[in-house]
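The values are calculated or read from the model by the stated rules, or taken from the named source; none is laboratory data. All figures in this text were calculated on a predicted structure; none of them were measured in a lab. Positions of Cβ are generated from backbone atoms using ideal geometry, with glycine treated the same way; all protein chains shown enter the neighbour counts. Side chains included, ligands, DNA and RNA excluded: accessible areas come from the protein's heavy atoms. Shrake-Rupley method; radii C 1.70, N 1.55, O 1.52, S 1.80 Å.
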Amino acid sequence: MTAVPMPATAKARLTVKLPVSFTDRWLLRICLGLPLAALLLFFAMPMVFIAWRSLMQEGGGIGLGNYAALLHTPGVWRATGNSVLVGVSTTAITLVFAFVMAYGLERTCMHGRRYVAMTLSLPMLAPSLVLGLGLIFLLGRNGLIGKMLGIRPDIYGFYGLVAANALYALPQAVMILRTALRHADARQYDAAEVLGASPWQQFRDITLPAMRYGLLSAAFVVFTITITDFGNAMVIGGNFPVLATEIYSQVNGQMKFGMGAVVGLLLLAPAALSVWIERAAAQRQAGVGAESAIAPVPVPSHRRDMAYTFACVGLGTGILAVVATVVLAGFIRLWPYKLDLTLKHYDITVSDGYASLWTSVWVSALAAVIGAVLLFLLAFSVRRLPPGPARTITLLASLPVGVPGLVLGLSYVFAFNVPGTPWHWFYGSAVLLAMCNFYHYHTQGFVTMMTGLRTVPSTLEEAVSVLGGGVRRVLGDVYLPVARSTLWTVAGFLFMRSMVTLSAVIFLITPWLSLSAVTVMRLDEAGFTSQAAAFSTCIMAVVGTVALVLHAANQRSARSTQAIKH
(Lines give C-alpha, C1' and ligand atoms only; values in the text may rest on other atoms or scores of the structure.)
Protein backbone atom coordinates (compact mmCIF):
# COMPACT_ATOMS: atom_id res chain seq x y z
CA MET A 1 0.00 0.00 0.00
CA THR A 2 1.36 3.37 -0.93
CA ALA A 3 0.46 6.79 0.29
CA VAL A 4 -1.21 9.08 -2.22
CA PRO A 5 0.78 12.20 -2.92
CA MET A 6 -1.05 15.43 -3.20
CA PRO A 7 -1.40 17.02 -6.63
CA ALA A 8 1.50 18.92 -8.05
CA THR A 9 1.77 22.47 -6.97
CA ALA A 10 0.60 25.24 -9.18
CA LYS A 11 4.21 26.20 -9.78
CA ALA A 12 5.00 22.78 -11.13
CA ARG A 13 1.99 22.70 -13.39
CA LEU A 14 2.10 23.49 -17.01
CA THR A 15 1.87 27.13 -17.75
CA VAL A 16 0.53 26.63 -21.26
CA LYS A 17 -3.22 26.98 -21.60
CA LEU A 18 -4.79 24.45 -23.91
CA PRO A 19 -7.11 25.77 -26.62
CA VAL A 20 -10.59 26.06 -25.25
CA SER A 21 -12.54 25.34 -28.36
CA PHE A 22 -15.97 23.77 -28.07
CA THR A 23 -14.55 20.34 -28.91
CA ASP A 24 -11.71 20.67 -26.41
CA ARG A 25 -14.04 21.72 -23.61
CA TRP A 26 -16.21 18.67 -24.14
CA LEU A 27 -13.23 16.40 -24.49
CA LEU A 28 -11.84 17.63 -21.18
CA ARG A 29 -15.24 17.17 -19.54
CA ILE A 30 -15.38 13.58 -20.81
CA CYS A 31 -11.83 12.89 -19.61
CA LEU A 32 -12.81 13.99 -16.10
CA GLY A 33 -16.47 13.00 -16.03
CA LEU A 34 -16.10 9.40 -17.19
CA PRO A 35 -13.70 8.19 -14.47
CA LEU A 36 -15.46 10.32 -11.83
CA ALA A 37 -18.85 8.84 -12.73
CA ALA A 38 -17.38 5.33 -12.55
CA LEU A 39 -15.77 6.14 -9.19
CA LEU A 40 -19.08 7.35 -7.79
CA LEU A 41 -21.04 4.39 -9.20
CA PHE A 42 -18.64 1.59 -8.32
CA PHE A 43 -17.18 2.91 -5.06
CA ALA A 44 -19.08 5.77 -3.42
CA MET A 45 -22.56 4.36 -4.03
CA PRO A 46 -21.79 0.86 -2.66
CA MET A 47 -20.31 2.44 0.47
CA VAL A 48 -23.53 4.37 1.02
CA PHE A 49 -25.55 1.19 0.52
CA ILE A 50 -23.60 -0.85 3.08
CA ALA A 51 -23.94 1.95 5.63
CA TRP A 52 -27.68 2.12 4.94
CA ARG A 53 -28.05 -1.68 5.10
CA SER A 54 -26.46 -1.71 8.56
CA LEU A 55 -29.44 0.38 9.73
CA MET A 56 -32.05 -1.98 8.25
CA GLN A 57 -33.20 -4.21 11.10
CA GLU A 58 -33.91 -7.92 10.65
CA GLY A 59 -37.51 -7.53 11.81
CA GLY A 60 -38.15 -4.58 9.50
CA GLY A 61 -37.76 -0.86 9.96
CA ILE A 62 -34.80 1.44 10.27
CA GLY A 63 -32.79 1.84 13.44
CA LEU A 64 -29.75 0.86 15.41
CA GLY A 65 -30.99 -2.65 16.18
CA ASN A 66 -28.11 -4.36 14.38
CA TYR A 67 -25.60 -2.28 16.33
CA ALA A 68 -27.39 -3.08 19.60
CA ALA A 69 -27.46 -6.79 18.68
CA LEU A 70 -23.71 -6.60 18.16
CA LEU A 71 -23.28 -6.02 21.89
CA HIS A 72 -24.98 -9.36 22.57
CA THR A 73 -23.07 -11.34 19.93
CA PRO A 74 -20.02 -12.73 21.74
CA GLY A 75 -18.77 -14.44 18.57
CA VAL A 76 -18.12 -11.08 16.93
CA TRP A 77 -16.13 -9.78 19.88
CA ARG A 78 -14.17 -13.02 20.08
CA ALA A 79 -13.37 -12.68 16.37
CA THR A 80 -12.36 -9.04 16.92
CA GLY A 81 -10.01 -9.99 19.74
CA ASN A 82 -8.53 -12.82 17.64
CA SER A 83 -8.04 -10.48 14.67
CA VAL A 84 -6.21 -7.94 16.81
CA LEU A 85 -4.06 -10.66 18.41
CA VAL A 86 -3.11 -12.14 15.03
CA GLY A 87 -2.55 -8.67 13.56
CA VAL A 88 -0.23 -7.51 16.33
CA SER A 89 1.72 -10.78 16.43
CA THR A 90 2.12 -10.93 12.66
CA THR A 91 3.18 -7.29 12.51
CA ALA A 92 5.89 -7.74 15.15
CA ILE A 93 7.35 -10.85 13.50
CA THR A 94 7.12 -9.51 9.96
CA LEU A 95 8.82 -6.22 10.86
CA VAL A 96 11.83 -8.03 12.32
CA PHE A 97 12.25 -10.27 9.26
CA ALA A 98 11.54 -7.42 6.83
CA PHE A 99 14.10 -5.18 8.49
CA VAL A 100 16.78 -7.86 8.25
CA MET A 101 16.06 -8.46 4.57
CA ALA A 102 15.75 -4.77 3.65
CA TYR A 103 18.95 -3.86 5.50
CA GLY A 104 20.80 -6.79 3.97
CA LEU A 105 19.71 -5.84 0.44
CA GLU A 106 20.43 -2.10 0.79
CA ARG A 107 23.32 -1.71 3.24
CA THR A 108 25.49 -4.80 2.90
CA CYS A 109 27.45 -6.60 0.20
CA MET A 110 25.64 -9.87 0.88
CA HIS A 111 25.59 -12.63 -1.71
CA GLY A 112 22.45 -13.97 -3.40
CA ARG A 113 20.67 -10.63 -3.79
CA ARG A 114 18.87 -11.68 -6.99
CA TYR A 115 17.81 -14.97 -5.43
CA VAL A 116 16.37 -13.16 -2.40
CA ALA A 117 14.58 -10.60 -4.61
CA MET A 118 13.12 -13.45 -6.71
CA THR A 119 11.79 -15.31 -3.68
CA LEU A 120 10.19 -12.10 -2.38
CA SER A 121 8.17 -11.82 -5.59
CA LEU A 122 6.64 -15.31 -5.26
CA PRO A 123 3.84 -14.46 -2.76
CA MET A 124 2.63 -11.77 -5.17
CA LEU A 125 1.99 -14.32 -7.93
CA ALA A 126 -0.55 -16.42 -6.06
CA PRO A 127 -3.70 -16.01 -3.97
CA SER A 128 -2.86 -15.53 -0.30
CA LEU A 129 -4.37 -18.90 0.60
CA VAL A 130 -1.60 -20.65 -1.37
CA LEU A 131 0.78 -19.85 1.47
CA GLY A 132 -1.64 -21.43 3.92
CA LEU A 133 -1.86 -24.49 1.68
CA GLY A 134 1.93 -24.75 1.55
CA LEU A 135 2.21 -24.61 5.33
CA ILE A 136 -0.40 -27.36 5.64
CA PHE A 137 1.51 -29.56 3.18
CA LEU A 138 4.68 -29.01 5.21
CA LEU A 139 3.53 -28.70 8.82
CA GLY A 140 -0.04 -30.02 8.85
CA ARG A 141 -1.20 -33.20 10.53
CA ASN A 142 -0.40 -35.09 7.32
CA GLY A 143 2.48 -32.82 6.38
CA LEU A 144 5.94 -33.74 5.20
CA ILE A 145 7.73 -32.63 8.37
CA GLY A 146 5.36 -34.58 10.60
CA LYS A 147 5.84 -37.74 8.55
CA MET A 148 9.64 -37.41 8.65
CA LEU A 149 9.68 -36.86 12.43
CA GLY A 150 6.86 -39.27 13.23
CA ILE A 151 4.67 -36.62 14.86
CA ARG A 152 1.34 -34.96 14.03
CA PRO A 153 1.84 -31.20 14.44
CA ASP A 154 -1.21 -28.94 14.44
CA ILE A 155 -0.64 -25.88 12.28
CA TYR A 156 -4.30 -24.86 12.14
CA GLY A 157 -5.38 -21.82 14.13
CA PHE A 158 -3.39 -18.93 15.57
CA TYR A 159 0.14 -20.10 14.75
CA GLY A 160 -0.73 -21.10 11.20
CA LEU A 161 -2.48 -17.79 10.58
CA VAL A 162 0.47 -15.80 11.89
CA ALA A 163 2.95 -17.75 9.75
CA ALA A 164 0.85 -17.57 6.57
CA ASN A 165 0.07 -13.87 6.96
CA ALA A 166 3.71 -13.05 7.75
CA LEU A 167 4.83 -14.77 4.54
CA TYR A 168 2.16 -12.94 2.55
CA ALA A 169 2.90 -9.48 4.00
CA LEU A 170 6.71 -9.79 4.09
CA PRO A 171 7.40 -8.63 0.49
CA GLN A 172 5.40 -5.42 0.93
CA ALA A 173 7.08 -4.62 4.25
CA VAL A 174 10.52 -5.19 2.72
CA MET A 175 9.66 -2.88 -0.17
CA ILE A 176 8.64 -0.05 2.20
CA LEU A 177 11.73 -0.44 4.39
CA ARG A 178 14.07 -0.56 1.38
CA THR A 179 12.58 2.74 0.22
CA ALA A 180 13.14 4.24 3.66
CA LEU A 181 16.78 3.11 3.68
CA ARG A 182 17.36 4.71 0.27
CA HIS A 183 16.45 8.15 1.69
CA ALA A 184 19.57 8.22 3.87
CA ASP A 185 22.48 10.58 3.19
CA ALA A 186 25.98 9.10 3.09
CA ARG A 187 27.45 12.41 4.32
CA GLN A 188 25.85 11.89 7.73
CA TYR A 189 27.67 8.58 8.10
CA ASP A 190 30.93 10.14 6.90
CA ALA A 191 30.63 12.91 9.50
CA ALA A 192 29.82 10.41 12.24
CA GLU A 193 32.84 8.32 11.31
CA VAL A 194 35.10 11.38 11.43
CA LEU A 195 33.76 12.08 14.93
CA GLY A 196 34.68 8.57 15.99
CA ALA A 197 31.19 7.00 16.15
CA SER A 198 31.17 3.21 16.12
CA PRO A 199 29.03 1.27 13.60
CA TRP A 200 26.52 0.54 16.36
CA GLN A 201 26.32 4.24 17.31
CA GLN A 202 25.80 5.16 13.65
CA PHE A 203 23.03 2.59 13.39
CA ARG A 204 21.38 3.78 16.63
CA ASP A 205 21.70 7.53 16.06
CA ILE A 206 21.33 7.83 12.26
CA THR A 207 19.77 4.74 10.67
CA LEU A 208 16.99 4.01 13.16
CA PRO A 209 15.76 7.63 13.53
CA ALA A 210 15.73 8.04 9.73
CA MET A 211 13.66 4.87 9.38
CA ARG A 212 11.06 5.58 12.05
CA TYR A 213 8.38 6.64 9.57
CA GLY A 214 9.17 3.76 7.25
CA LEU A 215 8.86 1.32 10.14
CA LEU A 216 5.57 2.89 11.20
CA SER A 217 4.27 2.76 7.64
CA ALA A 218 5.31 -0.89 7.20
CA ALA A 219 3.75 -1.82 10.54
CA PHE A 220 0.33 -0.47 9.63
CA VAL A 221 0.44 -1.96 6.14
CA VAL A 222 1.17 -5.40 7.59
CA PHE A 223 -1.50 -4.98 10.27
CA THR A 224 -4.10 -3.98 7.66
CA ILE A 225 -3.22 -6.89 5.36
CA THR A 226 -3.46 -9.31 8.26
CA ILE A 227 -6.79 -8.30 9.75
CA THR A 228 -8.48 -8.03 6.34
CA ASP A 229 -7.11 -11.23 4.77
CA PHE A 230 -9.74 -13.83 3.99
CA GLY A 231 -7.95 -16.62 2.10
CA ASN A 232 -5.54 -17.75 4.80
CA ALA A 233 -8.23 -17.41 7.47
CA MET A 234 -10.42 -19.86 5.54
CA VAL A 235 -7.68 -22.37 4.71
CA ILE A 236 -5.56 -22.51 7.84
CA GLY A 237 -7.62 -20.64 10.45
CA GLY A 238 -9.35 -23.79 11.70
CA ASN A 239 -11.47 -23.08 14.77
CA PHE A 240 -9.85 -19.69 15.32
CA PRO A 241 -12.44 -17.19 14.01
CA VAL A 242 -11.40 -13.74 12.87
CA LEU A 243 -13.42 -10.78 11.60
CA ALA A 244 -13.05 -11.75 7.92
CA THR A 245 -14.51 -15.22 8.49
CA GLU A 246 -17.15 -13.78 10.83
CA ILE A 247 -18.51 -11.56 8.03
CA TYR A 248 -18.61 -14.57 5.70
CA SER A 249 -20.41 -16.59 8.37
CA GLN A 250 -22.98 -13.87 9.06
CA VAL A 251 -23.81 -13.38 5.37
CA ASN A 252 -23.34 -16.78 3.74
CA GLY A 253 -23.94 -19.05 6.71
CA GLN A 254 -26.64 -17.29 8.75
CA MET A 255 -28.03 -14.97 6.04
CA LYS A 256 -27.88 -12.02 8.48
CA PHE A 257 -27.12 -9.30 5.95
CA GLY A 258 -27.69 -6.43 8.37
CA MET A 259 -25.31 -7.91 10.92
CA GLY A 260 -22.83 -8.66 8.10
CA ALA A 261 -22.93 -4.97 7.15
CA VAL A 262 -22.29 -3.94 10.76
CA VAL A 263 -19.33 -6.32 11.08
CA GLY A 264 -18.05 -5.05 7.73
CA LEU A 265 -18.12 -1.48 9.04
CA LEU A 266 -16.38 -2.73 12.19
CA LEU A 267 -13.62 -4.16 9.98
CA LEU A 268 -13.52 -0.92 8.00
CA ALA A 269 -12.64 1.18 11.04
CA PRO A 270 -9.19 -0.23 11.94
CA ALA A 271 -8.28 -0.62 8.27
CA ALA A 272 -9.15 3.02 7.52
CA LEU A 273 -7.27 4.20 10.61
CA SER A 274 -4.22 2.17 9.60
CA VAL A 275 -4.27 3.59 6.10
CA TRP A 276 -4.53 7.14 7.41
CA ILE A 277 -1.59 6.66 9.78
CA GLU A 278 0.41 4.89 7.07
CA ARG A 279 -0.26 7.77 4.70
CA ALA A 280 0.85 10.37 7.23
CA ALA A 281 3.97 8.36 7.99
CA ALA A 282 4.80 7.95 4.30
CA GLN A 283 4.44 11.69 3.70
CA ARG A 284 6.78 12.43 6.59
CA GLN A 285 9.19 9.78 5.29
CA ALA A 286 9.20 11.54 1.92
CA GLY A 287 10.42 14.65 3.71
CA VAL A 288 13.36 12.85 5.29
CA GLY A 289 16.56 13.48 3.39
CA ALA A 290 17.21 16.23 0.92
CA GLU A 291 16.95 15.78 -2.84
CA SER A 292 20.71 16.27 -2.99
CA ALA A 293 21.30 13.40 -0.57
CA ILE A 294 24.02 10.96 -1.56
CA ALA A 295 22.94 7.34 -1.17
CA PRO A 296 25.24 5.31 1.10
CA VAL A 297 27.40 2.76 -0.70
CA PRO A 298 27.87 -0.48 1.25
CA VAL A 299 31.44 -1.25 2.26
CA PRO A 300 32.38 -4.96 2.27
CA SER A 301 32.61 -6.55 5.70
CA HIS A 302 33.10 -10.31 5.62
CA ARG A 303 31.49 -11.25 8.93
CA ARG A 304 28.52 -8.90 8.53
CA ASP A 305 27.94 -9.81 4.88
CA MET A 306 28.07 -13.53 5.61
CA ALA A 307 25.63 -13.13 8.50
CA TYR A 308 23.13 -11.25 6.32
CA THR A 309 23.65 -13.70 3.44
CA PHE A 310 22.82 -16.57 5.78
CA ALA A 311 19.78 -14.79 7.23
CA CYS A 312 18.31 -13.41 3.99
CA VAL A 313 18.93 -16.49 1.88
CA GLY A 314 17.45 -18.57 4.69
CA LEU A 315 14.29 -16.44 4.84
CA GLY A 316 14.02 -16.43 1.04
CA THR A 317 14.43 -20.19 0.96
CA GLY A 318 11.63 -20.47 3.51
CA ILE A 319 9.27 -18.58 1.18
CA LEU A 320 10.44 -20.62 -1.80
CA ALA A 321 9.97 -23.88 0.12
CA VAL A 322 6.35 -23.06 0.99
CA VAL A 323 5.42 -22.04 -2.56
CA ALA A 324 7.43 -24.86 -4.19
CA THR A 325 5.75 -27.39 -1.91
CA VAL A 326 2.37 -26.37 -3.29
CA VAL A 327 3.65 -26.80 -6.86
CA LEU A 328 5.22 -30.17 -6.02
CA ALA A 329 2.15 -31.43 -4.17
CA GLY A 330 0.14 -30.97 -7.36
CA PHE A 331 2.31 -33.63 -9.04
CA ILE A 332 2.46 -36.13 -6.13
CA ARG A 333 0.06 -39.08 -6.15
CA LEU A 334 -0.74 -39.04 -2.41
CA TRP A 335 1.06 -36.40 -0.35
CA PRO A 336 3.21 -37.29 1.61
CA TYR A 337 2.74 -41.09 1.53
CA LYS A 338 3.03 -42.02 -2.16
CA LEU A 339 5.59 -39.67 -3.62
CA ASP A 340 5.55 -40.92 -7.22
CA LEU A 341 4.81 -38.27 -9.82
CA THR A 342 1.46 -38.04 -11.59
CA LEU A 343 -0.65 -35.59 -13.55
CA LYS A 344 -3.98 -36.94 -12.31
CA HIS A 345 -4.58 -33.94 -10.01
CA TYR A 346 -4.63 -31.70 -13.06
CA ASP A 347 -7.64 -33.63 -14.36
CA ILE A 348 -10.03 -31.39 -12.45
CA THR A 349 -13.67 -32.21 -13.08
CA VAL A 350 -15.30 -30.73 -9.96
CA SER A 351 -16.16 -27.04 -9.58
CA ASP A 352 -16.55 -26.75 -13.39
CA GLY A 353 -12.96 -27.75 -14.04
CA TYR A 354 -10.82 -25.01 -15.52
CA ALA A 355 -13.72 -22.79 -16.55
CA SER A 356 -13.09 -20.46 -13.63
CA LEU A 357 -9.43 -20.07 -14.63
CA TRP A 358 -10.33 -18.83 -18.10
CA THR A 359 -13.05 -16.64 -16.60
CA SER A 360 -10.44 -15.12 -14.30
CA VAL A 361 -8.13 -14.46 -17.24
CA TRP A 362 -10.62 -12.42 -19.22
CA VAL A 363 -12.18 -10.74 -16.15
CA SER A 364 -8.67 -9.68 -15.15
CA ALA A 365 -7.94 -8.52 -18.69
CA LEU A 366 -11.16 -6.51 -18.58
CA ALA A 367 -10.19 -4.96 -15.24
CA ALA A 368 -6.72 -4.15 -16.61
CA VAL A 369 -7.99 -2.46 -19.81
CA ILE A 370 -10.86 -0.53 -18.21
CA GLY A 371 -8.76 0.39 -15.20
CA ALA A 372 -5.77 1.63 -17.18
CA VAL A 373 -7.97 3.78 -19.43
CA LEU A 374 -10.00 5.30 -16.56
CA LEU A 375 -6.92 5.98 -14.45
CA PHE A 376 -5.12 7.58 -17.39
CA LEU A 377 -8.05 9.91 -18.07
CA LEU A 378 -8.44 10.76 -14.38
CA ALA A 379 -4.74 11.50 -13.87
CA PHE A 380 -4.62 13.57 -17.07
CA SER A 381 -7.62 15.62 -15.89
CA VAL A 382 -6.33 16.14 -12.35
CA ARG A 383 -3.16 17.70 -13.74
CA ARG A 384 -5.30 20.38 -15.39
CA LEU A 385 -7.53 21.26 -12.47
CA PRO A 386 -6.96 24.13 -10.02
CA PRO A 387 -5.34 23.02 -6.72
CA GLY A 388 -8.59 22.90 -4.73
CA PRO A 389 -10.62 20.58 -7.00
CA ALA A 390 -7.50 18.55 -7.75
CA ARG A 391 -6.99 17.86 -4.02
CA THR A 392 -10.63 16.88 -3.62
CA ILE A 393 -10.54 14.40 -6.50
CA THR A 394 -7.18 13.03 -5.36
CA LEU A 395 -8.65 12.44 -1.91
CA LEU A 396 -11.67 10.67 -3.41
CA ALA A 397 -9.39 8.52 -5.57
CA SER A 398 -7.36 7.55 -2.50
CA LEU A 399 -10.31 6.38 -0.40
CA PRO A 400 -10.65 2.84 -1.86
CA VAL A 401 -7.32 1.85 -0.33
CA GLY A 402 -8.92 2.04 3.13
CA VAL A 403 -11.72 -0.39 2.27
CA PRO A 404 -10.95 -4.12 2.73
CA GLY A 405 -11.85 -6.31 -0.22
CA LEU A 406 -14.42 -8.28 1.78
CA VAL A 407 -16.28 -5.08 2.70
CA LEU A 408 -16.14 -3.76 -0.87
CA GLY A 409 -17.53 -7.02 -2.26
CA LEU A 410 -20.32 -7.09 0.32
CA SER A 411 -21.23 -3.49 -0.46
CA TYR A 412 -21.57 -4.46 -4.14
CA VAL A 413 -24.15 -7.09 -3.16
CA PHE A 414 -26.21 -4.48 -1.30
CA ALA A 415 -25.88 -1.87 -4.07
CA PHE A 416 -26.30 -3.89 -7.26
CA ASN A 417 -28.60 -6.72 -6.15
CA VAL A 418 -31.58 -4.37 -6.05
CA PRO A 419 -34.13 -5.28 -8.75
CA GLY A 420 -35.70 -2.31 -10.47
CA THR A 421 -32.67 -0.06 -10.28
CA PRO A 422 -30.86 0.99 -13.49
CA TRP A 423 -27.62 -0.60 -12.30
CA HIS A 424 -29.15 -3.97 -11.41
CA TRP A 425 -28.17 -5.48 -14.77
CA PHE A 426 -24.51 -5.38 -13.62
CA TYR A 427 -25.25 -7.94 -10.91
CA GLY A 428 -23.98 -11.40 -11.75
CA SER A 429 -21.95 -10.13 -14.71
CA ALA A 430 -18.25 -10.32 -15.42
CA VAL A 431 -18.18 -6.54 -15.73
CA LEU A 432 -19.11 -6.17 -12.07
CA LEU A 433 -16.38 -8.61 -11.02
CA ALA A 434 -13.87 -6.66 -13.11
CA MET A 435 -14.95 -3.32 -11.66
CA CYS A 436 -14.83 -4.68 -8.10
CA ASN A 437 -11.28 -5.90 -8.66
CA PHE A 438 -10.32 -2.61 -10.25
CA TYR A 439 -11.65 -0.43 -7.43
CA HIS A 440 -10.12 -2.73 -4.84
CA TYR A 441 -6.71 -1.64 -6.22
CA HIS A 442 -7.78 1.76 -7.59
CA THR A 443 -5.60 3.87 -5.30
CA GLN A 444 -2.35 2.05 -6.05
CA GLY A 445 -3.01 2.35 -9.79
CA PHE A 446 -3.89 6.04 -9.47
CA VAL A 447 -0.68 6.82 -7.57
CA THR A 448 1.38 4.99 -10.19
CA MET A 449 -0.38 6.79 -13.03
CA MET A 450 0.06 10.23 -11.43
CA THR A 451 3.75 9.50 -10.90
CA GLY A 452 4.13 8.38 -14.50
CA LEU A 453 2.40 11.45 -15.96
CA ARG A 454 4.71 13.76 -14.02
CA THR A 455 7.50 12.61 -16.34
CA VAL A 456 5.72 14.02 -19.40
CA PRO A 457 7.98 16.87 -20.63
CA SER A 458 6.15 20.18 -20.51
CA THR A 459 8.12 21.34 -23.54
CA LEU A 460 6.52 18.70 -25.72
CA GLU A 461 3.04 19.72 -24.63
CA GLU A 462 3.91 23.37 -25.16
CA ALA A 463 5.16 22.62 -28.66
CA VAL A 464 1.95 20.83 -29.62
CA SER A 465 -0.16 23.64 -28.19
CA VAL A 466 1.83 26.35 -29.93
CA LEU A 467 1.41 24.51 -33.23
CA GLY A 468 -2.35 24.58 -32.77
CA GLY A 469 -2.87 21.05 -31.51
CA GLY A 470 -5.89 20.64 -29.25
CA VAL A 471 -6.54 18.27 -26.40
CA ARG A 472 -6.88 15.29 -28.75
CA ARG A 473 -3.41 15.90 -30.25
CA VAL A 474 -1.87 16.51 -26.82
CA LEU A 475 -3.29 13.21 -25.61
CA GLY A 476 -2.38 11.25 -28.72
CA ASP A 477 0.99 12.78 -29.60
CA VAL A 478 2.43 13.61 -26.15
CA TYR A 479 0.81 11.80 -23.25
CA LEU A 480 0.11 8.39 -24.76
CA PRO A 481 3.60 7.84 -26.23
CA VAL A 482 5.39 9.07 -23.09
CA ALA A 483 3.06 7.32 -20.63
CA ARG A 484 2.97 4.02 -22.53
CA SER A 485 5.36 2.40 -20.06
CA THR A 486 3.22 3.53 -17.12
CA LEU A 487 0.09 2.23 -18.85
CA TRP A 488 1.71 -1.20 -19.23
CA THR A 489 2.76 -1.13 -15.57
CA VAL A 490 -0.71 -0.21 -14.30
CA ALA A 491 -2.46 -2.69 -16.60
CA GLY A 492 -0.09 -5.46 -15.55
CA PHE A 493 -0.56 -4.66 -11.87
CA LEU A 494 -4.36 -4.70 -12.17
CA PHE A 495 -4.31 -7.95 -14.16
CA MET A 496 -2.08 -9.80 -11.69
CA ARG A 497 -3.92 -8.62 -8.58
CA SER A 498 -7.29 -9.46 -10.17
CA MET A 499 -6.09 -12.99 -10.93
CA VAL A 500 -5.25 -13.71 -7.29
CA THR A 501 -7.89 -11.70 -5.41
CA LEU A 502 -10.32 -13.71 -3.33
CA SER A 503 -11.81 -11.49 -0.64
CA ALA A 504 -13.30 -8.85 -2.96
CA VAL A 505 -15.15 -11.34 -5.15
CA ILE A 506 -16.23 -14.08 -2.74
CA PHE A 507 -19.74 -12.57 -2.37
CA LEU A 508 -20.13 -11.78 -6.09
CA ILE A 509 -19.56 -15.13 -7.75
CA THR A 510 -22.51 -17.14 -9.02
CA PRO A 511 -22.94 -20.83 -9.91
CA TRP A 512 -22.34 -19.94 -13.55
CA LEU A 513 -19.61 -17.33 -13.05
CA SER A 514 -16.81 -18.26 -10.66
CA LEU A 515 -13.16 -17.24 -10.44
CA SER A 516 -9.98 -19.24 -10.03
CA ALA A 517 -9.08 -18.14 -6.48
CA VAL A 518 -12.55 -19.17 -5.33
CA THR A 519 -12.15 -22.56 -7.02
CA VAL A 520 -8.94 -23.18 -5.06
CA MET A 521 -10.81 -22.42 -1.84
CA ARG A 522 -13.73 -24.68 -2.82
CA LEU A 523 -11.40 -27.57 -3.72
CA ASP A 524 -9.61 -27.24 -0.38
CA GLU A 525 -12.91 -27.07 1.52
CA ALA A 526 -14.06 -30.26 -0.24
CA GLY A 527 -10.87 -32.08 0.77
CA PHE A 528 -9.28 -32.08 -2.70
CA THR A 529 -6.08 -30.43 -1.43
CA SER A 530 -3.84 -31.90 -4.14
CA GLN A 531 -6.20 -30.63 -6.83
CA ALA A 532 -6.24 -27.25 -5.07
CA ALA A 533 -2.43 -27.27 -5.27
CA ALA A 534 -2.57 -28.17 -8.99
CA PHE A 535 -5.06 -25.40 -9.67
CA SER A 536 -2.92 -22.92 -7.72
CA THR A 537 0.06 -23.91 -9.86
CA CYS A 538 -1.94 -23.10 -12.99
CA ILE A 539 -2.81 -19.66 -11.58
CA MET A 540 0.83 -18.96 -10.75
CA ALA A 541 1.88 -20.12 -14.23
CA VAL A 542 -0.58 -17.73 -15.89
CA VAL A 543 0.32 -14.79 -13.66
CA GLY A 544 4.05 -15.45 -13.96
CA THR A 545 3.86 -15.69 -17.77
CA VAL A 546 1.85 -12.50 -18.06
CA ALA A 547 4.26 -10.74 -15.69
CA LEU A 548 7.23 -11.71 -17.89
CA VAL A 549 5.46 -10.61 -21.09
CA LEU A 550 4.42 -7.30 -19.56
CA HIS A 551 7.92 -6.76 -18.20
CA ALA A 552 9.35 -7.20 -21.71
CA ALA A 553 6.71 -4.85 -23.17
CA ASN A 554 7.39 -2.35 -20.40
CA GLN A 555 11.11 -2.38 -21.06
CA ARG A 556 10.50 -1.77 -24.75
CA SER A 557 8.10 1.09 -23.99
CA ALA A 558 10.59 2.61 -21.55
CA ARG A 559 13.23 2.70 -24.26
CA SER A 560 10.78 4.34 -26.67
CA THR A 561 9.85 6.88 -24.01
CA GLN A 562 13.49 7.81 -23.43
CA ALA A 563 13.93 8.27 -27.17
CA ILE A 564 10.93 10.63 -27.31
CA LYS A 565 12.20 12.71 -24.38
CA HIS A 566 15.59 13.14 -26.00
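Per 0.36 nm of contour for each residue apart, how much would the distance between Trp276 and Thr342 grow if the chain were fully extended, relative to their Cα-Cα spacing?
Net length gain for the segment: 18.8 nm.
So if I restrict to the alpha-carbon atoms in the chain, what is the Rg, and what is Dmax, the biggest pairwise distance, in Å?
For the chain, the Cα-based Rg and Dmax read 24.8, 79 Å.
Find, to one decimal place in angstroms, the Kirkwood hydrodynamic radius of segment 184-247, where the mean of 1/r is taken over every pair of different Cα atoms and then inverted.
14.9 Å
Kirkwood Rh over Cα pairs of segment 152-223 into Stokes-Einstein at 20 °C, 1.002 mPa s: D in µm²/s?
In µm²/s, the coefficient is 149.
With contacts defined as alpha carbon pairs under 8 Å and 6 or more residues apart, what's the relative contact order of the chain in percent?
Relative contact order here is 24 percent.
Taking only protein heavy atoms and a 1.4 Å probe, what accessible area per residue, in Å², does the chain have with all protein chains in place?
I get 44 Å² per residue for the chain.
Using Cα-Cα distances under 8 Å and only pairs 6 or more residues apart, what relative contact order does segment 201-284 have, in percent?
Once normalised by length, the contact order is 42 percent.
Going by Cα centres, segment 452-517 and segment 195-239 are how many Å apart?
Here the two parts' Cα centres lie 31 Å apart.
Output needed: percent of Cα pairs per 5 Å distance bin for segment 382-536, bins running from 0 to the one holding the longest distance.
1, 8, 13, 14, 15, 14, 11, 9, 6, 4, 2, 1, 0, 0
Could you work out the Rg to Rh ratio of segment 60-157, with Rh taken as the Kirkwood radius (inverse of the mean 1/r over all Cα pairs)?
1.16
Count the lysine pairs in the chain that are 8 or more places apart or on different chains: how many have C-alpha atoms under 30 angstrom apart?
Taking the chain as the scope, the lysine pair count is 4.
Normalised by the empirical 2.2 N^0.38 Å for globular proteins, what value does the Cα Rg of segment 122-279 take?
1.38
Around Glu193, with a cut-off of 13 angstrom between Cβ atoms, what is the net charge of the other residues, counting Lys and Arg +1 and Asp and Glu -1?
For residues surrounding Glu193, the net value is -1.
Could you look at segment 394-518 and say what percent of its accessible area is carbon and sulfur, using a 1.4 Å probe and all protein chains?
Exposed carbon and sulfur together represent 67 percent of the surface.
Translational diffusion coefficient, Stokes-Einstein: compute it for segment 450-538 using the Kirkwood radius over C-alpha pairs as Rh, at 25 °C and 0.890 mPa s, and state it as an integer in µm² s⁻¹.
148 µm²/s
Subtracting the Cα-Cα distance from 0.36 nm times the residue separation, let me have the gained length for Ile30 to Tyr67 in nm, one decimal.
Working it through step by step, the gained length comes to 9.2 nm.
Can you grab the distance from the C-alpha centre of segment 26-68 to the C-alpha centre of segment 85-101, Å, no decimals?
Cα centroid of segment 26-68 versus Cα centroid of segment 85-101: 35 Å apart.
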